[in-house]
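The values are calculated or read from the model by the stated rules, or taken from the named source; none is laboratory data. What you see is a predicted model; the values in this text were computed from it and never measured. Cβ atoms come from the backbone with ideal geometry, glycine included; neighbour counts cover every protein chain shown. SASA here: full protein model, heavy atoms, side chains in, ligands and nucleic acids out. Shrake-Rupley method; radii C 1.70, N 1.55, O 1.52, S 1.80 Å.
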Amino acid sequence: MINRCLFPAAGYGTRFLPATKAMPKEMLPILTKPLIQYGVEEAMEAGCDIMSIITGRGKRAITDHFDISYELEHQIQGSSKEALLDKIREIIEKCTFTYTRQNEMKGLGDAIYKGKVLMGEKDPFAVILADDLCINPKGDGILTQMVKLYNKYRCCIVAIMEVPKDEVYKYGVIEGNAIEDGVFMVSNMVEKPEIDKAPSNLAVIGRYILTPDIFDMIKNTKPGKNGEIQITDALCEQAKKGMVIAYKFKGKRFDCGSVEGFVEATNYFYNLEKTK
Ligand code: G1P
């Protein structure tokens, strides 16, 4: 049973400066909802009720967002605005939030390793990178699809999508054999390869299901691309020793870590709201 979801959220968000000078990038809104709340809602839909956030300096707004705001709630009580807080109230009521800090930026693998105390060493857990905003308007959310797959294969799973060859340098890229429609057995993974060194154009996006033995793998992972501890390298080791599945998810993904993807997501969600 997967009931925990880890949200690495310690990065600086330099691509959004000056907006992210005093505000966490995970709090940037698509319409009226912060990016991280989209992630939390996706995790809830998938069955998680423990949301664990890896934060860092300057990220307090995230902690405050997932807490009651008595003054504000008192202020808008009985007004038409009250309904705007319904969803966040439900989240706060149903979920437990836990936090720890990543003190130094040593990569995504290191950030996930910091989550070991929060995830424990017994159960599998999900990981969501909130700036990858995912939606499947026609059915199960991306994480729900992955949880269903986990119940079948019981191993680490990464979500993948096809990207143009000249964009592979932005992603972890997998090599693998299809074992069913849209499902690959991973044989190799490379973090942000140059175009001619990429084993495929199947790019990992920010959704993972990890089994707790990943923590030992990360511990034994040497700094890789950009001198950082990469989850891609730990998973590559896992794939060689055991089994890792890559899953071509159904739905859309927006790279809200880039201004272009952020604007695209904004337009998409605006049109979706308008047609409701
Ligand atoms: C991280 C991972 C990368 C993955 C990407 C998905 O990179 O290291 O393997 O493909 O997320 O968004 P980042 O975008 O944080 O540099």
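Taken across the range 197-220, residues that are open to solvent by 40 Å² or more (accessible area, probe 1.4 Å), of a type outside the set (D, E, K, R), within 14 Å of the ligand (Cβ to nearest atom) and at positive phi do not occur at all.
What about Lys81, is it outside any helix (DSSP H, G or I) and among the basic types (Lys, Arg)? Step through it out loud before you land on a result.
Working: outside any helix (DSSP H, G or I): no; among the basic types (Lys, Arg): yes.
For Lys81, the condition - outside any helix (DSSP H, G or I) and among the basic types (Lys, Arg) - is not met.
State whether one or more residues within the range 177-189 are modelled with pLDDT of 95 or more, surrounded by 14 or more Cβ atoms within 10 Å (Cβ to Cβ), within 12 Å of the ligand (Cβ to nearest atom) and under 20 Å from Gln230 (Cα atoms). Yes, the range 177-189 contains at least one residue that is modelled with pLDDT of 95 or more, surrounded by 14 or more Cβ atoms within 10 Å (Cβ to Cβ), within 12 Å of the ligand (Cβ to nearest atom) and under 20 Å from Gln230 (Cα atoms).
Only residues that are out of contact with any strand residue (DSSP E or B) (no Cβ under 8 Å at 6 or more places or on another chain) and not charged (D, E, K, R): list them for the range 243-271, please.
First, pick out the residues of the range 243-271 that are out of contact with any strand residue (DSSP E or B) (no Cβ under 8 Å at 6 or more places or on another chain): 250, 258-260, 263, 267, 270-271.
Correct list: Ser258, Val259, Val263, Asn267, Tyr270, Asn271.
For the structure I just gave you, tell me whether Gly251 is surrounded by 15 or more Cβ atoms within 10 Å (Cβ to Cβ) and away from the ligand (no atom under 12 Å from the Cβ). For Gly251, the condition - surrounded by 15 or more Cβ atoms within 10 Å (Cβ to Cβ) and away from the ligand (no atom under 12 Å from the Cβ) - is met.
A count restricted to the range 93-117 and to residues that are within 14 Å of Ile214 (Cα to Cα) and either in contact with a strand residue (DSSP E or B) (Cβ under 7 Å, 6 or more places away or on another chain) or surrounded by fewer than 14 Cβ atoms within 10 Å (Cβ to Cβ) (or both) stands at 6.
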